[in-house]
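One structure below.
Derivation of every value follows stated rules applied to the coordinates shown; laboratory data play no part. Computed from a prediction, not measured in an experiment: that's the story for all the values here. Ideal geometry is used to build each Cβ from the backbone, glycine not excepted, and the neighbour counts take in all protein chains shown.
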C-alpha cells in the first residue's frame, strides 16, 4: 500500500474555471473520475496531456501512481508529474518531490526532491513547505539548518497545516532555530492538537502535566492524553495509565491504569511494559504473577530499558517467575548499570557476584557484551 502524495483537483468546481473546449473535455474526465469511471477519464485526459494540459498531466500522474484505471507504474507517474511540474503546477511539483525523495520511479535523489519541494513551497503550498522544513531540519539534500526549517514550518503553520504546527512547536520547545519559548510551543501544540494531531495532543498533555508554558493542570493534561490515547498513541496511553495509577486529575484506578498500560505495552512501548511488569510484580490491580512480570520486564529490557533490565536481573537472582540464574542476573544488572546512573546497579552486581566464581563472572560479562552488540537480539 502506498502512503504518499496528495490527490487534488478531483472536484467539480474546475468545470466552471474555463469556457474553452479543452477545459470542457477535461471536465468530462473529471466527472468520470469523480464517479469512479477511470477508463473514461483516461481517454479524455490522455490527448489533453499530450497537448500540454498541465492539470491533465498531473491527473494522469496520479492515476499511474495509484493504479486507478491503469496498471500502477511509478515511472509513468514520474513522466506526467514532471511535465506538469515543469509548467509550474504546484501539486505535481510536490508529488514529484516525493517520488525523488523515496526513489519511486526514479533514482532516490534528495537534492532534486528539495528542488521540487522548493518550487511548490514558494507558491505557498503548505504540504511542500512542511516537507521542505523537514529536509532542512534533517539535512537531507541540503545543509542542515534549523533556522531555515523554522522559516518553512512557520509559513505552513500559519496556513493551518497541523504537522507544521506540531513541528514548529517542538522547535520552540527545544530552542532549535529560534529562542526557546514554552509559551509559544504551547500555542502551536494547541493549534495542532485541536485539529486532532495525536503527537501534538500528547505533547500538549505533557506541557500541562509539568506546567511548561502554562499553569500546571492534571485535569487538562488528562484531557489531551485521553484524546491522543484514544487514537492509539502509545506514549499517551502510558501517560494516561500513570495518571490513573497515581490519581492525577482523576480518581485513582488500578484497573484503568492497567488497561492503558496494556494497550501501550502491546505497541512495544518500553516504559509501559515496565509499568505493567511492576503491576504484576506487586499485584496492584491484578493477581500477583512473577511469571507475567518477567514477560513484560524482558520485552522492555530487550529494548534497552535500564529499569526493566535491573528488575529482570533481580528476578533471575531470586528465581522469581524464572529459574535462578546468576549469570543471567549479572548480565541484566550489568546492562542496566551501563544504561543508567542508578547507584543500585553496582550494589546489586556486588551482591550477585558473591554467589559466582570468577569464571562465571567473566562468562556473564561476555554475555553482556554479546547482548549489547547484537542490539539485544542475542541475550
Take 28, 271 and order them by how many other Cβ atoms sit within 10 Å, fewest up front. 28, 271
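Pull out the extension gain between residue 102 and residue 255, defined as 0.36 nm times the separation in residues minus the alpha carbon to alpha carbon distance; nm, one decimal. Could you put the intermediate results ahead of the total?
Working: separation 153, 0.36 × 153 = 55.08 nm, distance 4.42 nm.
Result for the pair: 50.7 nm of gain on full extension.
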Limiting things to C-alpha atoms, what are the Rg and the maximum Cα-Cα separation (Dmax) for the chain, in angstroms? 27.4, 91
Which percent of Cα-Cα pairs in the range 81-128 sits in each 5 Å bin, short to long? 6, 30, 33, 23, 7, 1
Taking 0.36 nm per residue of separation and subtracting the Cα-Cα distance, what length does fully extending residue 122 through residue 365 add? 81.8 nm
What's the extension gain from residue 34 to residue 174 if we count 0.36 nm per residue and subtract their Cα-Cα distance? 45.9 nm
Taking only C-alpha pairs under 8 Å that are 6+ residues apart, what is the relative contact order of the range 166-265 in percent? 17
Shape descriptor, the range 156-276: equivalent ellipsoid semi-axes (Cα gyration tensor, sqrt 5λ, whole Å, largest first) stand at 26, 15, 12
Quick one: grab the alpha carbon gyration tensor of the range 299-379, order the square roots of its eigenvalues as a ≥ b ≥ c, and give me rounded if a/c is under 1.5, else prolate or oblate depending on whether a/b is larger than b/c. rounded
7 Å from Cα along Cα→Cβ at both residue 140 and residue 68: what's the point-to-point distance in nm? 2.5
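Given an 8 Å cut-off on Cα distances and at least 6 residues of separation, report the relative contact order of the range 299-379 as a percent.
28
Residue 87 to residue 181: FRET efficiency via 1/(1 + (r/R0)^6), r the Cβ-Cβ distance, R0 56 Å, to the nearest 0.05?
Result of the calculation: an efficiency of 0.85.
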Separation between the residue 212 and residue 374 pseudo-spin-labels, each 7 Å from Cα along Cα→Cβ, expressed in nm? 3.7
Which of rounded, prolate, oblate describes the range 113-161, given a ≥ b ≥ c as roots of the alpha-carbon gyration tensor eigenvalues and a/c under 1.5 marking rounded, otherwise prolate only if a/b is larger than b/c? oblate
Assuming a ≥ b ≥ c are the square roots of the Cα gyration tensor eigenvalues, decide whether the range 66-190 counts as rounded (a/c under 1.5), prolate (otherwise, with a/b larger than b/c) or oblate. prolate
Mind checking Rg over Rh on the range 221-379, alpha carbons, Kirkwood formula for Rh? 1.04
Can you tell me the relative contact order of the chain? Whole percent, Cα pairs under 8 Å, sequence separation 6 or more. 5
